[in-house]
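Computed from the coordinates by the stated procedures, all read-outs in this text should not be read as laboratory data. All figures in this text were calculated on a predicted structure; none of them were measured in a lab. With ideal geometry, Cβ positions are generated from the backbone for all residues, glycine too; neighbour counts draw on all protein chains shown.
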Amino acid sequence: MLIPNPLDVDALVRQVQTGRLATVDQIRDRLARDYQADLTCPLTTGIFLRIAAEAAEEDASRGERDITPYWRVINGDGSLNEKLPGGVEAQANRLRNEGHTVEPGKGNRPPRVADFAKSLQSL
């Protein structure tokens, strides 16, 4: 099992283009392939995604425009990530601004991107 480093997670997130999406599972799979590992630790990948997101928000608050587009990373089922800065509301707003349709959550489930598979970018 690969324990990724934060810079590798950030570099993959930076590859996700405007209007496209990536799942956390895609990031984990790509890291495992790159390092010839069977799998990548889901816990540390999630932690490092959150760190990249928080760093991006700090960069944005200083006026930087080229920030890590963390809001383009969704869960494997198309749902939004509650632990990213601003929660699912902020992620949903950014995704809508890039042309995605976000469906409301049902019950305890978070909102999800409609037809998300059509927008997935290969990593």
Self-check item: Only listed residue being touching a Gly at 6+ places or on another chain (Cβ under 9 Å), charged (D, E, K, R) and touching a residue at least 60 places away in the same chain (Cβ under 8 Å), chosen from E57, E103, E98
Solution: E98
Quiz item: Restricting the search to region 13-28, which residues are touching a residue at least 40 places away in the same chain (Cβ under 8 Å), under 16 Å from G76 (Cβ atoms), of a type outside the set (A, V, I, L, M) and assigned to a helix (DSSP H, G or I)?
Solution: D25, Q26
Quiz item: What tally of residues in region 54-90 results from selecting those that are aliphatic (A, V, I, L, M), closer than 19 Å to P111 by Cα and surrounded by 21 or more Cβ atoms within 10 Å (Cβ to Cβ)?
Solution: 4
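Could you list, in sequence order, the residues of region 44-72 that are basic (K, R) and within 21 Å of R96 (Cα to Cα)?
Listed by number, the residues that qualify are R50, R65, R72.
Inspect region 41-52 for any residue being more than 24 Å from M1 (Cα to Cα), among the hydroxyl-bearing types (S, T, Y) and not in a loop (DSSP other than H, G, I, E, B) and give the result as yes or no.
No: region 41-52 contains no residue that is more than 24 Å from M1 (Cα to Cα), among the hydroxyl-bearing types (S, T, Y) and not in a loop (DSSP other than H, G, I, E, B).
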Practice problem: With respect to K118, determine if the residue is under 24 Å from D29 (Cβ atoms) and without any contact (Cβ under 8 Å) to a residue 12 or more places away in the chain. | Solution: yes
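Quick one: which of A92, A32 is in a helix (DSSP H, G or I), more than 19 Å from M1 (Cα to Cα) and not aromatic (F, W, Y)?
Only one candidate qualifies: A92.
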Quiz prompt | Test set (1) touching a strand residue (DSSP E or B) at 6+ places or on another chain (Cβ under 9 Å); (2) part of a helix (DSSP H, G or I); (3) small (G, A, S) - A60 fails condition number | solution = (1)
Quiz item: Out of all the residues in region 102-113, is one or more under 12 Å from the mean Cα position of the chain (by Cα) and of a type outside the set (D, E)?
Solution: no
Practice problem: Output the residue which, of all residues in region 95-121 that are in a helix (DSSP H, G or I) and among the charged types (D, E, K, R), is surrounded by the fewest Cβ atoms within 10 Å (Cβ to Cβ). | Solution: K118
